[in-house]
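Shown next, in C-alpha cells, is the structure this report addresses.
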Amino acid sequence: MGDRTPLVQLKGIGEKTAKLFAKLHVDTVEDLLNYYPRDYETFQDCVYIAEAEIGQMQAVYGTVCGMPNVKKVRNLTIINVLIKDATGGMQITFFNMPYLKNMLHNNAAFVFRGNIQAKGTAKIMEQPRIYKKEEYIGLLKNIQPRYSLTKGLSNQVILKAMKQALNNHLIQDGKYPEVFLKEYDLYSYKDALYGIHFPTDFDTLVKARKRIVFDEFFDFLFYLRENKEQSEQLINEYQMIETADTVRFLEQLPFSLTKSQKKVWAEIRNDLNGNFCMNRLIQGDVGSGKTIIAILALLMCVSNGYQGAMMAPTEVLATQHYEDVCGFVEKYHIAFKPALLVGSMTAKEKREIYASIASGDVNLIIGTHAVIQEKVIFKNLALVVTDEQHRFGVKQREILANKGHNPHVLVMSATPIPRTLAIILYGDLEISVIDELPANRLPIKNCVVNTSYRKKAYEFIEAEVRKGRQAYVICPMVEAGEMDELENVVEYADKLRGALSSDIQVATLHGKMRSGDKNRIMEEFAKHNIDVLVSTTVIEVGINVPNSTVMMVENAERFGLAQLHQLRGRVGRGEHQSYCIFVSAKDNKETMERLNILNHSNDGFHIASEDMKLRGPGDLFGIRQSGEFAFRIADIYSDSNILKMASEAVNKVIDGELTEAEYNRIKDFLKNTCGNKVDFRTI
C-alpha cells in the first residue's frame, strides 16, 4: 500500500540527487515520507549581548570590530573575531571555515546564532550560524524541520521534495478503525505526515509525532504477539543435566558469583533441563557479569554433547569473546572446541569452519550473524546466545527450524529498561535480572560540567594518557552541517588534536564509515595503537577495552540518561580508576539537575526509572536512545505512555475486540507497509 514510486520521478530529482538520497536509504516516495526530521529549529528574537544567557541557544545582532584573527594549529584553521552591540562585546570563534575572513570585515553587521558559552567572565560563541538581519527576521517564530544530511544534499532540497511527495502522491489511510482514533486521540496518518514534516505550531507537532510513534510501537507489538505462539512452548529436544564441567569451572574462577548471578544461573539450568525450549532474556547493567553466565550455559550445553553458538553485534567483540573462551580453555581445560566465524574471513577460511561445524569437530561457534547464514549446517545446535543488538527471535528461529533445529535461546541485554516496559517489549521472553555488580569493581567517578570545563577536561585526558590509559570522547553528530550547534566527530577530532600534545594518537569512529574501517579502528583502539577515540554512540556496543579510563560526552543534555549510563559502561572495566565527564552546552537548573542523577547513582535500573519520569513531551527531539528496537523516532523512555497505549490497542486486536474486516485491514496494512518503519529482521 506504500507508494513505491522511484524518487527520480519527483520534479527536480535527477539521477545525481537520487544517488545522494540513496545514501540515506531513501529510494522511493514512501521512503521519503517516512524520513522524519532529526530535529526542529525555532528562531527567537535577538537579545543584547549583555542579556545573553550562558548555556542557551540565542541570537545576537552585532557589528564586527577590527579584522578577524586567523591562526593555524596543525591542520586546524581557527578564526577569532570580536563583535559588539550597544551593551557589550563577545568573541566569536570558527573552526575550519577560512573563507569567512573575507566576509567578516570591519563594521560588517550580522545576526550570530549559537550556544552562548563562558570563558572566564567573558561570553563567547563557537561555530555560530550567520544571517543577514532581513533573512533572520523572515525566520522568526517559524518551526523549521531539519533532516539528517549527507554531503551534497541540503535541507532545502529535502524540504522541496517532501512538499511534492505530500501534495502530489496518494497517502494510504484507514489502518485503524475510527473508534481507535477517538479512544487514543490519534491524528489520521495523512495529517500526521503533514504535521511531522511541516508543523504549524508545537501542539500540531506533538500530536503528529504521537500518531507516528503509536504506529511504530503498534506495528512492532502486533507482529510480536502474532508470532509469539511460534516461539513459545516448543518441546525441549535438547534436555540437559548439570555436569561436573560447570561446577569445576566455577570452583577454578578467581572470583565468586554474586547472589544475583547465582539466581539467574539456577533459572537457566532449570530451563535447559525442563520440558520446554528456553527463551530467556538476561537483563543486567554493564559489568554485572552477564557474559560469564552465558559461558556457563554454553559449557553445560557442550558437556551434554551438543553444539552452542554465541552471536555478538560486531566482529571486534566477537573476536574478543573468542579470545576470552580460548583463554578459559587453555587455563581451565574446559570442554569447549571453539571456532570464530565472521563476515571478513576469506571464502577458504569459512569453508573450513563450515566443515568443522557440520562434522561436530567444533562445539562452540562464536561470531556475528554469520553463524546462522544459509551455508552453516550444524550437527546438533542446542543453544544460541545473542546480544540485544542482534535480537534473536521469530525470524531467526524460522531459519534454524527449517534446518531441523529448535535450539534454546538466551538473549543478553545491558539496556536498563524498567520492568513494566520490559514485560511489554520482551513479551515473548522470560526475564531474568542481574541487579548487582561484582564486589571488586571500582565505582566510576562522575562529573557534570558546562563547556567552560573543556580545557581542564583535555588536560585530564592528557594526564591519563601519560599514565598509559585511553579515553573516549562522544559527540552526537558525525560531521558539520547536520545540526550546527551540536559537536560533531569530524571537527571535534581536529579541535582535540590541536589541544592535545602532537604525540597523542586521536582517531574517529562513526556509523557512516564502512564496516571494515569501523572494525579496523576498533581493533587499533583495543590494541592501544590509538589513545583517544572520538566517536558517535556507535561505540555503545561492540568493544571492550579495560585500559580505557575516561569517557567524555559532549552535548550530554541531548541524550537520555539511560543512554548516557550505557556509554559510561564503556569505562570502569579494568583495574584502574575510571572517570566520566558529562559536558552540557546548557547549564540551566533543570538540565543540570537531570544530568546530576548520573552523579548520584551507578544503578542503571534506577536511572532508567528516573529517566522515564523526567523525559516528557517537552523532550521530543533529543538523541534517540532505544535503538536496539530499530524504531525511527519512538523512544521507549520518553514515549512510555504511548507504548502502554499501543500495547493495550494490540491486545484488543489480538483478543478479538474488532470485527474480522477491521482485523484484516490492520494485517493488510502491516503486511504492505510496516517493514519500512520497523526492522522486523530483529524480531
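Out of all the residues in region 444-451, is one or more in a helix (DSSP H, G or I), touching a residue at least 12 places away in the same chain (Cβ under 8 Å), outside the structural domain of residue 265 (by TED's automatic domain parsing) and not acidic (Asp, Glu)? Outline the logic, then answer.
Here is the first cut: in region 444-451, the residues in a helix (DSSP H, G or I) are 451.
Subsequent filtering for residues that are touching a residue at least 12 places away in the same chain (Cβ under 8 Å) retains 451.
Retained after the next criterion (residues that are outside the structural domain of residue 265 (by TED's automatic domain parsing)): 451.
Within this subset, residues satisfying the condition of being not acidic (Asp, Glu) are 451.
Checked against the condition, which is being in a helix (DSSP H, G or I), touching a residue at least 12 places away in the same chain (Cβ under 8 Å), outside the structural domain of residue 265 (by TED's automatic domain parsing) and not acidic (Asp, Glu), region 444-451 yields at least one hit.
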All conditions in (1) modelled with pLDDT of 90 or more; (2) over 25 Å from residue 119 (Cα atoms); (3) crowded, with 21+ Cβ neighbours inside 10 Å are true of residue 473 except (2)
How many of the residues making up region 639-649 are farther than 14 Å from residue 222 by Cβ and either modelled with pLDDT under 80 or not in a loop (DSSP other than H, G, I, E, B) (or both)?
4
May I ask you to list the residues in region 145-154 that are touching a residue at least 24 places away in the same chain (Cβ under 8 Å) and either out of contact with any helix residue (DSSP H, G or I) (no Cβ under 8 Å at 6 or more places or on another chain) or exposed (fewer than 12 other Cβ atoms within 10 Å of the Cβ) (or both)?
148, 151, 152
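From the list 353, 366, which residue is in contact with a Phe, Trp or Tyr (Cβ under 8 Å, 6 or more places away or on another chain), under 28 Å from residue 514 (Cβ atoms) and assigned by TED's automatic domain parsing to the domain that holds residue 254?
When all the criteria are applied, what remains is 366.
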Given 421, 410, 400, which one is at pLDDT 90 or above and outside the structural domain of residue 552 (by TED's automatic domain parsing)?
410
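Are any of the residues in region 549-571 on the phi < 0 side of the Ramachandran plot, surrounded by fewer than 20 Cβ atoms within 10 Å (Cβ to Cβ) and not polar (S, T, N, Q)?
Looking through region 549-571, none of the residues is on the phi < 0 side of the Ramachandran plot, surrounded by fewer than 20 Cβ atoms within 10 Å (Cβ to Cβ) and not polar (S, T, N, Q).
Going by the structure shown, is residue 157 in contact (Cβ under 8 Å) with a residue 60 or more places away in the chain, crowded, with 19+ Cβ neighbours inside 10 Å, of a type in the set (A, V, I, L, M, F, W, C) and at negative phi?
It is false that residue 157 is in contact (Cβ under 8 Å) with a residue 60 or more places away in the chain, crowded, with 19+ Cβ neighbours inside 10 Å, of a type in the set (A, V, I, L, M, F, W, C) and at negative phi.
Within region 118-129, take every residue that is surrounded by fewer than 16 Cβ atoms within 10 Å (Cβ to Cβ) and within 18 Å of residue 57 (Cβ to Cβ) and give me the one that is modelled with the highest pLDDT.
Filtering region 118-129 for residues surrounded by fewer than 16 Cβ atoms within 10 Å (Cβ to Cβ) gives 118-122, 129.
Still in the running and within 18 Å of residue 57 (Cβ to Cβ): 118-119, 129.
Numbers: 118: 86, 119: 84, 129: 90.
Filtering region 118-129 for residues that are surrounded by fewer than 16 Cβ atoms within 10 Å (Cβ to Cβ) and within 18 Å of residue 57 (Cβ to Cβ), the one modelled with the highest pLDDT comes out as 129.
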Number of positions in region 436-471 that are within 30 Å of residue 280 (Cβ to Cβ) and among the β-branched types (Val, Ile, Thr):
1
Out of region 220-240, which residues are among the hydrophobic types (A, V, I, L, M, F, W, C) and either in contact with an Asp or Glu (Cβ under 9 Å, 6 or more places away or on another chain) or at pLDDT below 70 (or both)?
224
Taking only region 120-152 into account, find how many residues are under 20 Å from residue 77 (Cβ atoms) and either among the β-branched types (Val, Ile, Thr) or assigned to a strand (DSSP E or B) (or both).
5
Against the definition (surrounded by fewer than 14 Cβ atoms within 10 Å (Cβ to Cβ) and either assigned by TED's automatic domain parsing to the domain that holds residue 586 or in contact with a Phe, Trp or Tyr (Cβ under 9 Å, 6 or more places away or on another chain) (or both)), how does residue 132 come out, yes or no?
yes
Which residue out of 286, 302, 362 is of a type outside the set (Phe, Trp, Tyr) and more than 23 Å from residue 263 (Cα to Cα)?
362
Single unsatisfied condition, residue 320 versus (1) assigned to a strand (DSSP E or B); (2) touching a residue at least 40 places away in the same chain (Cβ under 8 Å)
(1)
Could you list, in sequence order, all residues of region 153-204 that are farther than 23 Å from residue 5 by Cα and part of a loop (DSSP other than H, G, I, E, B)?
176, 177, 184, 185, 186, 187, 199, 200, 201
One residue is enough: does region 281-293 have a residue meeting the conditions surrounded by 18 or more Cβ atoms within 10 Å (Cβ to Cβ), at pLDDT 95 or above and in contact with a strand residue (DSSP E or B) (Cβ under 9 Å, 6 or more places away or on another chain)?
yes
Across region 311-363, what is the total count of residues that are among the hydroxyl-bearing types (Ser, Thr, Tyr) and under 33 Å from the mean Cα position of the chain (by Cα)?
6
For residue 115, which of the numbered conditions (1) free of Cβ contacts under 8 Å to residues at least 40 places away in the same chain; (2) crowded, with 19+ Cβ neighbours inside 10 Å fails to hold?
(1)
For residues that are crowded, with 22+ Cβ neighbours inside 10 Å, closer than 20 Å to residue 287 by Cβ and either of a type outside the set (Ser, Thr, Tyr) or without any contact (Cβ under 8 Å) to a residue 60 or more places away in the chain (or both), tally how many sit in region 415-435.
3
Determine if region 475-496 includes at least one residue that is more than 28 Å from residue 157 (Cα to Cα) and within 17 Å of the chain's Cα centre (by Cα).
no
Among the residues listed as 17, 42, the single one being assigned to a helix (DSSP H, G or I) and either in the same structural domain as residue 112 (by TED's automatic domain parsing) or polar (S, T, N, Q) (or both)
17
Filtered residues of region 436-446 (kept if crowded, with 18+ Cβ neighbours inside 10 Å and hydrophobic (A, V, I, L, M, F, W, C))
437, 444
Extreme residue, surrounded by the most Cβ atoms within 10 Å (Cβ to Cβ), among residues of region 577-602 that are closer than 22 Å to residue 419 by Cα and modelled with pLDDT of 80 or more:
598
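For the structure I just gave you, tell me whether residue 464 is modelled with pLDDT of 90 or more, closer than 26 Å to residue 119 by Cβ and assigned to a helix (DSSP H, G or I).
When the stated conditions are applied, residue 464 passes them.
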Looking at residue 286, is it closer than 25 Å to residue 255 by Cα and in a loop (DSSP other than H, G, I, E, B)?
yes
Looking only at region 258-270, filter to residues that are in contact (Cβ under 8 Å) with a residue 40 or more places away in the chain and in contact with a helix residue (DSSP H, G or I) (Cβ under 9 Å, 6 or more places away or on another chain); which one of those is surrounded by the most Cβ atoms within 10 Å (Cβ to Cβ)?
264
Since residue 507 meets every condition but one in (1) more than 30 Å from residue 633 (Cα to Cα); (2) assigned to a strand (DSSP E or B), which condition does it not meet?
(1)
From 124, 171, 137, 158, grab the single residue that is over 28 Å from the mean Cα position of the chain (by Cα), β-branched (Val, Ile, Thr) and closer than 30 Å to residue 218 by Cα.
171
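The values are calculated or read from the model by the stated rules, or taken from the named source; none is laboratory data. Small disclaimer: the values here were computed from a predicted structure and weren't measured. For neighbour counting, all protein chains shown are included, and Cβ atoms are generated from backbone atoms with ideal geometry for every residue, glycine included.
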